[in-house]
Each structure stands twice: as C-alpha cells, then as structure tokens.
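The next block holds one structure in the form of structure tokens; read it before the comments.
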Amino acid sequence: MNVAVCWCVVQQGEYQMAFEHLGNSMTFEPTNVKAILAAGCMLQLHGDYDVALIKYRIVALETPESGPLWNNIGMCFYGKKKYVAVSTLLSPPRRSCFCISVLVDLFVCLQDY
C-alpha cells in the first residue's frame, strides 16, 4: 500500500490499519522517506514526539535538505515545549532548505513563545 492510500485510510479514522501498512512498507524498504515521514506525522498526532524524532533521524540522513522534514522536527520540539530548539532550526544555514510555508509555521509557533 503506498503512502497516499495510507493517508486516505487515516482520513477515515483507521489509524491502526494505516500505521500497520506504513510499518510494512518500512520493513521492506527501511529508507522509504515518504513512509517514514508519514509514520512520524502519525506519531506526532498522538503526542509521541520522541519516537517521531527517532524516525526523522533516518530521513535526515537520506534527504537533509527536506523542508517538510525540518518542519516536522520543529513541530516535535514545539510539542515538547523545547522552544530554544525550535528557534535553532531557524538559524541561517538551516533556513536555506525551507520553503516559505515551513518558515511561516515555525515563526507562528515562536510567537507563542
């Protein structure tokens, strides 16, 4: 099952089934960036930020310039109330890989801080 189909299953509220399919996908292809990002997002939705961050380490090795990856990492740190870590993600060297929507998300989060 591909990642897009898993997101359709998530929208129907079948989180467990979607997570199992993503797990199967990662079993056969452990560096499947889309599957890992999707699984990390699901973990974030359930407040399991530490496990999501572990998943994102794998993606960071494969695609270190991924804007969605760094957005999700920032949101994990925000969820853990690690505001200094979120602000560090906005440092000039890291900003080059962000698209504008990712920067807006992170700046909005920092306004709460």
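The values are calculated or read from the model by the stated rules, or taken from the named source; none is laboratory data. This structure is a prediction, so every number in the text was calculated from the model and none was measured. Cβ atoms come from the backbone with ideal geometry, glycine included; neighbour counts cover every protein chain shown.
Observations, loosely collected:
- Test: residue in segment 22-29 that is part of a helix (DSSP H, G or I) and within 9 Å of the chain's Cα centre (by Cα): no
- Here LEU61, LEU37, LEU106 are screened, and the one residue that is buried (at least 16 other Cβ atoms within 10 Å of the Cβ), at pLDDT 85 or above and either of a type in the set (Phe, Trp, Tyr) or part of a helix (DSSP H, G or I) (or both) is LEU37.
- Members of segment 23-76 found to be touching a residue at least 24 places away in the same chain (Cβ under 8 Å) and β-branched (Val, Ile, Thr), listed by number: THR31, VAL33, ILE58, VAL59, THR63
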